[in-house]
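Asker: Right, I'll just put the structure down here and ask away after.
Just so it is clear, none of the values below were taken in a lab; they were calculated from the coordinates. Bear in mind the structure is a predicted one, so any value in this text is a computation, not a measurement. Ideal geometry is used to build each Cβ from the backbone, glycine not excepted, and the neighbour counts take in all protein chains shown.
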Amino acid sequence: MKKFSGKVLFLDRSDINTDEIIPAKYLTEITKEALKPYLLEDLSLSSFDPMKDIDGKSVIVTRANFGCGSSREHAPWALEVNNINVVIAESFARIFRQNMYNCGMFAIELPREKIDYLFETYKNKDVSIDVNVDNNKIIVSANGQSEEIDFNVGEFDKTLVKEGGWVGYADKNY
Amino acid sequence: MKKTIAEKIFDAHRVNMPFPDTHVLKLDAVFCHEITTPIAITDLQARGMDRVFDPQKIKAVIDHVTPAKDSKTAEQGKILRDWARKHGIKDFFDIGRNGVCHAIFPEKGFVRPGYTIIMGDSHTCTHGAFGAFAAGVGTTDLEVGILKGVCAFHFPKTIKIVLNGKLAPGVYAKDVILFIIKELTVNGATNMVMEFTGPIVDEMSMESRMTLCNMAIEAGGTCGICYPDMTTVDYLWEFIKDDFKTKEDALKEYSKWVSDEDAVYEKVYEYDVSNLEPMVTFGYKPDQVKPVREMTGTKIDQVYIGSCTNGRIEDLRIAAQILKGKKIGDTVRGIVSPATPDIYSLALKEGIIEIFQDAGFCVTNPTCGACLGMSNGVLANGESCAATTNRNFNGRMGKGGTVHLMSPATAAASAIEGTIVNSALYE
């Protein structure tokens, strides 16, 4: 299993598309590692600076329909090579969400009020999130205090996270 | 009874359900291109699993950057080419025979009603125009598809979109789908199949239905889908004539891929589109759509006619009808990319290529290039493009550039004017 914890990057916008996560001009790369410098390069979000804001972050918290647009798995890969294995959002585009789980990564959906709460309470703080895979909880920590939030994940998706992705599972079972 | 077309296709292809709401389907076709497939290939090789489930069912094309523009894209092409040769994938389309995947694969007869198809490309939803379940997937799903011929999906919840009325002159499938995306928003169909029915769809050519289904993904849809009918049979006839005695027999067989009257939908939208005007996008999301009338006069630097949305012969004919005997504006660059070599040849025979060239367009080889800013017409910072493509995302056609999505008719008229304008066919 991958590591599902660390400092949080808040992206306060809905409909962040995969062209923003990793622009098409970098799809000519044939290794995942090569995508590392370009994550969120074209993100349209005021005061966001990809050069500074991504560094040291391992969890993204964002709004609705994250990862819409292109099917490029380069989007999860660009996150992965930047040590970001968890995205928490109100909702995801289908292909992006499946790509995350297929790579053994977490795309966690929370109701809008929980997402609103996370933004309101923690957006400007030094906050960490830890995913408790067995109990379907995220543990949010800031200023020496922490709280737990439950989330739902399907059995299939959880199996993919635990088995490290779809290729290994499919090879064994089909 | 009580089933949608997508449910029927799932029932006919389900291998098993390893978990609740996890339907593993057998695939009839796996389509590949040189951008998302090479990493699947190299991963399979690294795992010691360099196999393919069925070389007949795998179709591959180099289309995104062709001819190769640099060493990296040359390498991507080489990986796909070497792999196709090694595994005996006969339907591999290399330069000279290659075209935009979602145009060339239907054109070669690879899509049939009732099929399940995946590709590492979000616009795979296009092929639902034939009454197939076709979905874009990432590289890992593609990799498993190549290896095992299966893919996992959730239950295909379906939205039904009934299109009534009659389209006004100068209004096309592109205007209809832009209008629908505006109504549904960019995630209004997320995790759902979009079923398009009604008199408007019945009247549409396969090309128009492909335009409609192509942009289902822009509303978040898994697949766009139309019922197969005689138009579908006519399009496919050259490929299926040995399988059926008559077209009526083919239609009878394909008619099993139609939703039951009592099928259960997540939502039903019914629109009379008789008064619909030509539509165009503004901003950076495909649901930011207005009538062209309200955007008239918006300056453009480039016009691009092509792509898996609108690069087919019907699209070129419509644009040529407007461009004939005219010149594009002095301040505009016009680029047209016929989506396949056959479309290019037909356009040449019909005098369409000459019309484009006389008007001042650059005619390029078939490729996806410009649509996603990879090659063949990238915008400079601050420039804007009137495009018949499918995404107006920030920087999509080049960093700092703006894209206005529209029909080929509107694009052609805007090329002449140098600013966004309704086509004469409408006025």
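Asker: I need the P(r) histogram for the protein assembly as shown: all alpha carbon pairs, bin width 10 Å from 0 out to the longest distance, whole percents.
Answerer: Using 10 Å bins, I get a P(r) of 3, 18, 29, 28, 16, 5, 1, 0 for the protein assembly as shown.
Asker: Give me B:R391, B:R47, B:R85 sorted ascending by neighbouring Cβ count inside 10 Å, so fewest comes first.
Answerer: B:R85, B:R47, B:R391
Asker: Explain nothing, just the number: relative contact order of chain B, from Cα pairs under 8 Å at least 6 residues apart, as a whole percent.
Answerer: Across chain B, relative contact order equals 17 percent.
Asker: If you don't mind, another one. Counting only other chains, what is the mean number of Cβ atoms within 10 angstrom of the Cβ of each residue in peptide B:16-22?
Answerer: Neighbouring Cβ atoms belonging to other protein chains average 4 per residue here.
Asker: Right, here's the next one. Calculate the mean, over all residues of peptide B:140-148, of how many other protein chain Cβ atoms lie within 10 angstrom of the residue's Cβ.
Answerer: Taking all residues of B:140-148 together, the mean is 6.
Asker: If you don't mind, another one. Return the loop-located trypsin sites (Lys or Arg not before Pro) in region A:122-174 (DSSP other than H, G, I, E, B) with at most 15 other Cβ atoms within 10 Å of their own Cβ; answer none if there are none.
Answerer: A:K123, A:K125
Asker: Extension gain B:D262-B:A12, at 0.36 nm per residue separation less the Cα-Cα distance, in nm?
Answerer: 88.1 nm
Asker: May I ask you to sort B:Y269, B:Y235 by Cβ crowding, counting other Cβ atoms within 10 Å and putting the fewest first?
Answerer: In order of increasing Cβ crowding within 10 Å: B:Y269, B:Y235.
Asker: Next question. Between region A:78-108 and region B:280-347, what is the separation of their alpha carbon centroids in Å?
Answerer: So the two Cα centres are separated by 35 Å.
Asker: Still on this structure: Identify the trypsin sites (Lys or Arg not before Pro) of region B:142-229 meeting these criteria: DSSP loop state and at most 15 other C-beta atoms within 10 Å of the C-beta.
Answerer: B:K166
Asker: Starting from the Cα coordinates of region B:152-212, work out the convex hull volume and express it per residue in Å³.
Answerer: In region B:152-212, the Cα hull volume divided by residue count equals 97 Å³.
Asker: How far apart, in nm, are the 7 Å Cα→Cβ label points at A:K125 and B:F239?
Answerer: According to this spin-label approximation, the distance is 5.8 nm.
Asker: Sticking with this one: Please identify every one of the GluC sites (Glu not before Pro) in region B:191-228 that sits in a loop by DSSP and has no more than 16 other beta carbons within 10 Å of its own beta carbon.
Answerer: Within region B:191-228, no GluC sites (Glu not before Pro) qualify (loop, at most 16 other Cβ atoms within 10 Å).
Asker: Measure out, as a whole number of angstrom, how far apart the alpha-carbon centroids of region B:203-240 and region B:1-65 sit.
Answerer: Using only Cα atoms to place each centre, the spacing works out to 20 Å.
Asker: Let me ask you something else. What is chain B by shape, rounded, prolate or oblate, if you read a ≥ b ≥ c off the alpha carbon gyration tensor as root eigenvalues and call it rounded for a/c under 1.5, prolate for a/b larger than b/c, and oblate otherwise?
Answerer: Because a/c hits 1.5 or more and a/b fails to exceed b/c, chain B counts as oblate.
Asker: What are the lysines whose alpha-carbon lies under 17 Å from the alpha-carbon of B:K247, with same-chain residues fewer than 8 places away excluded?
Answerer: B:K256
Asker: Rounded to the nearest 0.05, what FRET efficiency is calculated for A:E147 and A:D53 with R0 set to 25 Å and r the Cβ-Cβ distance?
Answerer: Rounded to the nearest 0.05, the efficiency is 0.55.
Asker: Assign one of three labels to region B:156-310, namely rounded, prolate or oblate, based on the Cα gyration tensor with a ≥ b ≥ c the square roots of its eigenvalues; rounded applies when a/c is under 1.5, prolate when it is not and a/b is larger than b/c, and oblate otherwise.
Answerer: Since a/c reaches 1.5 and a/b is larger than b/c, the shape of region B:156-310 is classed as prolate.
Asker: Still on this structure: Which whole-number percent gives the relative contact order of chain A, counting Cα pairs below 8 Å spaced six or more residues apart?
Answerer: Once normalised by length, the contact order is 24 percent.
Asker: Let me ask another. Based on the alpha-carbon gyration tensor of chain A and its eigenvalue square roots a ≥ b ≥ c, which shape applies: rounded if a/c is under 1.5, prolate if not and a/b is larger than b/c, or oblate?
Answerer: Oblate, since a/c reaches 1.5 and b/c is not below a/b.
Asker: Can you give the mean number of other chain Cβ atoms that lie within 10 Å of the Cβ atoms in peptide A:90-97?
Answerer: Average neighbour count from other chains, rounded to a whole number: 6.
Asker: Right, something else. Longer than 31 Å from Cα to Cα, which of A:K114/B:K267; A:K36/B:K78; A:K57/B:K267; A:K137/B:K285; A:K2/A:K25; B:K26/B:K90 are they? Say none if no pair is.
Answerer: The answer is A:K57/B:K267; A:K137/B:K285.
Asker: State log₁₀ I(q)/I(0) for region B:258-402 at q = 0.14, 0.17 Å⁻¹ as given by the Debye formula over alpha-carbon point scatterers of equal weight, solvent excluded.
Answerer: Log10 of I(q)/I(0), two decimals: -0.74, -1.00.
Asker: Could you state the number of Å between the C-alpha centres of region B:108-187 and region B:70-98?
Answerer: 25
Asker: Quick one: compute the contact order of region A:84-174, relative version, from alpha carbon pairs under 8 angstrom and 6+ residues apart, as a percent.
Answerer: 30
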